[in-house]
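As structure tokens, the structure follows; a few thoughts come after it.
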Amino acid sequence: MQTVNVNKLITITGRHIEVTEAMHDYVTKKIEGIHLDFPQIIEAKVVLDVQKDRKISEVILFCSDHITIQASTEGADMYACIDETISKIARRMRKHKTRLMKRYRPHHQETIRRLDEKVYSEDVLDHSMEATEDPEPMIIHRESYNLKKLYKEEAIMDLELSDKPFVLYRNARREVLQIVYRRPDGDYSIIELGTTL
């Protein structure tokens, strides 16, 4: 059995749920049982949350070489959520290792597409919603964001290793702010903010 990831710092937090000893042992064994030697896990944070009928498990792994891998799952059974989240983490770790071994470098024209800028008048926005329809309430969560200096290939890899919908970064070649995100067709797009730093 692999021992690379054993005895690492594993923090398990419960929200609206008491983390039992059995639950703690189950999560610990699952994380220690991830059979990969790279990236090496330095610290793991697990959040188990219960919201009405939904159970949510989130795992964040802090690994060597400043790699952070995260995944979350929600469902009706907490143990099933934990299993699925660990499976997602393992898949992402394997994908990351495979890409590094192949020295993956996507070609600019094949995987990165620029978005055409479109400008709409205020009339379009005003008439898009019927007068009788009330707008949906919006909940905004404030989060801190660590702006990294990355190559676009690294930004894509960072996006694939997390559940984030996009990655905002400073382009290491051109010193401009860019956002990379995954399109519905599976390709990647980059939005350039156009402001030099």
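The values are calculated or read from the model by the stated rules, or taken from the named source; none is laboratory data. Just so we're clear, the structure is a prediction, and the values are computed from it rather than from any experiment. For neighbour counting, all protein chains shown are included, and Cβ atoms are generated from backbone atoms with ideal geometry for every residue, glycine included.
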Evaluate region 110-119: report whether one residue or more is at pLDDT 75 or above and of a type outside the set (A, V, I, L, M).
-> no
Could you tell me which numbered condition residue 5 fails, if it satisfies all but one of (1) modelled with pLDDT under 90; (2) exposed (fewer than 14 other Cβ atoms within 10 Å of the Cβ); (3) outside any strand (DSSP E or B)?
-> (2)
For region 46-68, does any single residue satisfy the condition of being outside the structural domain of residue 159 (by TED's automatic domain parsing), within 21 Å of residue 158 (Cβ to Cβ), in contact (Cβ under 8 Å) with a residue 60 or more places away in the chain and in contact with a strand residue (DSSP E or B) (Cβ under 7 Å, 6 or more places away or on another chain)?
-> yes
Subset of region 37-69 (residues that are crowded, with 19+ Cβ neighbours inside 10 Å and among the small types (Gly, Ala, Ser)) = 44, 57
